[in-house]
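Presented below is the structure to which this report refers.
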Amino acid sequence: MFRKKAKMDGQTTKESNRDGQPTEVTDGDGQTTEVSNGDGQTTEVSNGDGQTTEVSNGDGQTTEERKQLSSMVNAPFTKWYKKTKAIGNHSSKSYHLAAFERAKLFLQSIENPNTQISVRMDSAKEANIKENRHILKCVAETVLYCGRQCIALRGSAETHNSTGNPGNFLALMKLLANHNEKLKQHLEKPKLKNATYLSPQSQNEMIDVIGKHMIQAKVVEEVKHAQIYTVLADEVTSHNVELMPMCVRFVDNHLNIREELLEICALPRITGRHIATAIKNVLSHLGIEIADCRGQGYDGASNMSSENVGVQALIKKDAPKAVYMHCNGHCLNLVIARSCALPVVRNMIDKMKSSVIFFTSSPKREHLLKEVVDKGAHSTGKRKPLVDLCRTRWAARHDAYSHFYSAFIFIIKALEVMAHGLHTEEYSEDVTTGWDGKYKSEAYGLLSGLQNFGFILTFLTVYQVLSHLAGITVKLQSTSIDIIEAFSMVDEVKTVYKELRETIEDDFNQIYEQAVRMAAQVNVQPSRPRATGRQTHRENVPAGTVKDYYLRNMAIPFLDHVISEFNSRFSPLSVTASRLMGLIPSIQCNSDVTVDISEAVCLYQDDLPSPELIDQELKRWKLKWQTKSSEQRPSSCAEAIKECDEMIYPNIFKLFKIACTLPVTSCECERSASTLRRLNTFMRSNMGEDRMSSLALIHTHYDMAVDLDEAVQIYSKMHPRRLELMSILIP
């Protein structure tokens, strides 16, 4: 029934009803107003002055007509002795049947909402939206696959019916369409020709949704929940563009240490000011408070480490507690590089590298070496190809030393085939003939350098002395290692080298005997360089025997260099770790060690809930572990924080969290930079910064779950779309 509030000026208003008939509404002076019902009939009702107004009811009957109905409508039924006849007559009346039908429809609409008029009207729209979202979900799935596999999306002819290479994105869409009828219809005959969502622009938007709005947003949320974090950054050049992978280190909700890529941003220059500005802009854009930064992990370059204009100094202006830590992986490589700067060691490495390059740079020469190895090592079944020496990682360099040691005899034999034409009867004619003068000359020079007792002895000394670093190099690259554990590993290796220095004569005797046996296999006798009156470019310590000469001029200086570099390069690690070592149960319960954490408490006083109670907590914490065996006591912060109850030990828990957050290496940045080698290839050198950063996030966080329905929902909300993807009536 239509209703209209009367105006107060006594005027009559006409307004059409549902059937288009005019309706008169009474004003405030008591005039009658005629109001039509849904069936076009009117009913009189009285106004405030006692006058009547006709108002229609829902059945199309007036009030006068309603008064004529039975008592079951207007009054209670009391004549129960006539109930059978009265109820029978009432049940056949039209108004009863109409009321019963309306009640039935009302109950049905409540019990089954899908039968409501609004839902029936939007059923076609709902089906259309579901189909459009299904197609967009296929687009998101294809983008996610290409991003995770780090393969290019674009092609040379990006049209559905092109004869050329359409690119991986469209090719995968066609492949999915073979098993998806709705997608196939969309590709062959889209509803809107300008809304296929297959264009490069649509690809970029979906890449941005998955990379930035989902993966990056999840990492940022976890960082904010952790409250404190560490910044890791390293600059890298790709296609003459300076890029900076920026990572964060934090402790997640499960108390696990994690290092995650946050963004890859372009740098106009690689000065400390530009890099620090880029870091601050990224943190500000993502809503991460820079004041919560507790650590900085970079390399040792001056633009990073300078105390005046370096990145670490500029970041400390906004985050005074952000302790700078030189990447310990870089420190380890610098130890090796500086130790190998001795002339005798440097000459050995140069000869070794020249030999590796000589064989690996030519298929014919490498085929010769392979045949020599296959003929000589068939009994062991081992085949170790030569590996070039890596300039940055000792783990890879150690493999190169190991492979060279295994192939040394075969290298000598292959060089003899080329230089002197020996052993021709043992190998095929294809590899023993056809060597011109240039190759023979190079082979002869390498052969004379390798068939030298000094080279063999120096190689074995360096190989065996530095073998103690192979394991620690790999462990330091782990993202879950904390600063206390790193310090323990470094201190253990330093102890090994100090012990080796004290027993150098006995250990060198074993190396010397091994070198004599190795030299005998290639017809080389122990010898030493001749001595002259003045020698300024090589060692000239007096010695009576060949063994003493190399012990005094090569082995001892080399080992002293290693120990000296260890002490200088890892001193900042020792200082930082010593502040928090007293929290570790295995150290705290050791009666021989006394460690004070007052310096750490003073530094992080504002972060602790109640620093005045830290001494009482330490007593309870120590008593907890004194009753347990040494095997049950945690020896690192990563283990101890999982055994520390935040409610019982709030201050100690906070210090453990800070210790776990402090950086150890910046290897995660280097791993992210390695992603650029696979992502930003020469075929994709013009890729934009946003697309590249999002694709790097998708590829780096390969195992992170991505909800495609959520991706479609975010994509549809970015801006109005031509295809229907959302409805306020459809959830």
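The values are calculated or read from the model by the stated rules, or taken from the named source; none is laboratory data. As the structure is a prediction and not an experimental result, all values here were calculated from the model. Cβ: placed from backbone, ideal geometry, glycine included. Neighbour counts: every protein chain shown. Just the protein is used for accessible areas: all its heavy atoms, side chains included, with ligands, DNA and RNA removed. Shrake-Rupley method; radii C 1.70, N 1.55, O 1.52, S 1.80 Å.
One Cα centroid belongs to the stretch 263-324, the other to the stretch 420-450; the line between them spans 55 Å. Exceedance of the 25 Å cut-off in Cα-Cα distance is limited, within the set 191/218; 317/475; 191/717, to 191/218; 317/475. Consider all pairwise Cα distances in the stretch 170-252 and report the whole-number % of them above 21 Å. Roughly 58 percent, rounded to a whole number. Between residue 420 and residue 503, how high is the FRET efficiency from 1/(1 + (r/R0)^6) when r is the Cβ-Cβ distance and R₀ = 35 Å? Nearest 0.05. The formula returns an efficiency of 0.25 here. Across the stretch 274-313 the C-alpha pair distances fall into 10 Å bins from zero in the proportions 28, 55, 17 percent. With every protein chain in place, what's the accessible area of residue 273 (1.4 Å probe, Å², nearest 10)? Residue 273 exposes around 150 Å² with every protein chain in place. Judged by the gyration tensor of its Cα atoms, with axes a ≥ b ≥ c, the stretch 148-300 is prolate; a/c meets the 1.5 cut and a/b is the larger of a/b and b/c. In this label model, residue 646 and residue 241 are separated by 4.0 nm, measuring between points 7 Å along each Cα→Cβ vector. Dimensions of the stretch 421-537 based on its C-alpha atoms, expressed as ranges along the principal axes with the largest first, amount to 59, 45, 29 Å. Loop-only GluC sites (Glu not before Pro) in the stretch 594-666, please: DSSP not H, G, I, E or B, and at most 12 other Cβ atoms within 10 Å. Counting only loop positions with at most 12 other Cβ atoms within 10 Å, the GluC sites (Glu not before Pro) in the stretch 594-666 are 631.
For the stretch 403-448, which whole-number percentage of the solvent-accessible area (1.4 Å probe, protein heavy atoms only) is attributable to carbon and sulfur atoms?
Working: 1120 of 2310 Å².
Carbon and sulfur together cover 48 percent of it.
Need one number: the % of Cα-Cα pairs in the stretch 532-673 sitting beyond the 19 Å mark.
Details: 6453 of 10011 pairs.
Percent of Cα pairs beyond 19 Å in the stretch 532-673: 64.
Partner lysines whose Cα lies under 27 Å from the Cα of residue 351, excluding those fewer than 8 positions away in the same chain, are identified as 364, 370, 375, 382, 384, 413, 438, 440, 547.
Taking chymotrypsin sites (Phe, Trp or Tyr not before Pro) across the stretch 668-731, the ones in a DSSP loop with at most 14 further Cβ atoms lying within 10 angstrom of their Cβ are 702.
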